[in-house]
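Below you'll find the structure, written out as structure tokens, and then a few comments.
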Amino acid sequence: MNNRPADLSSAIPALVSPPALSAPRPSGESPPIKLGILASGTGSNFVAIADAIAHQQLAAQIQLVIYNNPDAPVAKRAHERGIAAHLVNHRNFSQREVFDQQVADLLQAAEVEWVIMVGWMRRVTQVLIDVFPDRMINIHPSLLPSFPGIRAVEQALAHTVKISGCTVHLVRLEVDSGPILIQAAVPVYPEDTAASLHARIQAQEHQIIVQAITEIGQN
Ligand code: GAR
């Protein structure tokens, strides 16, 4: 049976298409916001942010990238773009708070204003939140509050949802909680695998993370 929801895109166009990117701030307005990127893995969202800045679609600058896995591809992608990348390996810390203090110290030394968690697969503690209160955002590959935590895409497929998506939200102590800033929805097809659905979601992530940073920079 072909139960592909053929009319889904026309039924929910506003959900499937995230808002268009805002125009860049004209020069002469407030200076670009200084970002610190936290990432654990591939770094495709980091690339989306860096490319938007390079193409002058986003008035921001990346002060540094912090990654926690020694072989995380995001480090190479940062170096290729001339952006500082620091490894803070959580395996070298016995307490989450001490790890977060090290992360906070690096961010502060780099004069970071906003912390952008893009695939940061560490639970944050109050230590980090206290240094950047209401100045940390996270992107997550589900329509929160559905499917927080790890393997969000697999969770969505296991529940046979018909619509999934991604969320950018302010960071709070509870994992993947906090006020939602932007969401984008995508259809889920019967033949989807975790990889195919995640790829569809990530295409939207790359837009809404830039949109979110644009908006926080304007406020
Ligand atoms: C993204 O899909 C992001 O939403 C997810 O990790 C991926 C990182 O991709 N984050 C979480 O699951 C956090 N709970 P990237 O390294 O290619 O940007």
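The values are calculated or read from the model by the stated rules, or taken from the named source; none is laboratory data. Model, not experiment: these values are computed from the prediction. When we count neighbours, we look across all protein chains shown, and the Cβ atoms used for this are built from the backbone with ideal geometry, even at glycine.
Pairs, please: C-beta under 6 Å, at least 6 apart or cross-chain, first residue free of Cβ contacts under 8 Å to residues at least 60 places away in the same chain and in the range 137-163, second hydroxyl-bearing (S, T, Y) and assigned to a loop (DSSP other than H, G, I, E, B)?
Pairs that qualify, where the first residue is free of Cβ contacts under 8 Å to residues at least 60 places away in the same chain and the partner is hydroxyl-bearing (S, T, Y) and assigned to a loop (DSSP other than H, G, I, E, B), are A152/S142; A156/S142.
Just checking, which of A52, A59, A20, A11 is out of contact with any Lys or Arg (no Cβ under 8 Å at 6 or more places or on another chain) and modelled with pLDDT of 95 or more?
Of the residues listed, the single one that is out of contact with any Lys or Arg (no Cβ under 8 Å at 6 or more places or on another chain) and modelled with pLDDT of 95 or more is A52.
Taking the range 155-164, which residues are more than 14 Å from the ligand (Cβ to nearest atom) and not hydroxyl-bearing (S, T, Y)?
Initially, the range 155-164 is screened for residues more than 14 Å from the ligand (Cβ to nearest atom), giving 157-163.
Of everything in the range 155-164, those that are more than 14 Å from the ligand (Cβ to nearest atom) and not hydroxyl-bearing (S, T, Y) turn out to be L157, A158, H159, V161, K162, I163.
Can you tell me which residue is farthest from the ligand (Cβ to nearest atom) among those in the range 165-219 that are within 30 Å of P31 (Cβ to Cβ) and part of a loop (DSSP other than H, G, I, E, B)?
Per the stated criteria, the residue is N219.
Right, F46: part of a helix (DSSP H, G or I) and away from the ligand (no atom under 16 Å from the Cβ) or not?
On the way: part of a helix (DSSP H, G or I): yes; away from the ligand (no atom under 16 Å from the Cβ): no.
No, not satisfied.
Here are Q63, Q56: which of them is outside any helix (DSSP H, G or I), farther than 17 Å from W120 by Cβ and of a type in the set (S, T, N, Q)?
One residue alone meets the criteria, Q56.
For every residue, the table says whether it meets (1) buried (at least 18 other Cβ atoms within 10 Å of the Cβ); (2) within 30 Å of E97 (Cβ to Cβ).
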position: V186; (1), (2): yes, no
position: S196; (1), (2): no, no
position: I209; (1), (2): yes, yes
position: I213; (1), (2): yes, yes
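What pairs come up if the first residue lies in the range 182-203 and is more than 25 Å from V171 (Cβ to Cβ), the second is away from the ligand (no atom under 12 Å from the Cβ) and charged (D, E, K, R), and their beta carbons are under 6 Å apart, counting only those six or more places apart or on different chains?
Note: pairs meeting the criteria are V188/K162; Y189/R4.
Hey, any hits in the range 122-132 for a residue that's of a type in the set (D, E) and touching a residue at least 12 places away in the same chain (Cβ under 8 Å)?
So far as the range 122-132 goes, no, none of its residues is of a type in the set (D, E) and touching a residue at least 12 places away in the same chain (Cβ under 8 Å).
What is the residue count in the range 96-121 for residues that are touching a strand residue (DSSP E or B) at 6+ places or on another chain (Cβ under 8 Å), closer than 18 Å to S40 by Cα and among the charged types (D, E, K, R)?
So the count comes out to 0.
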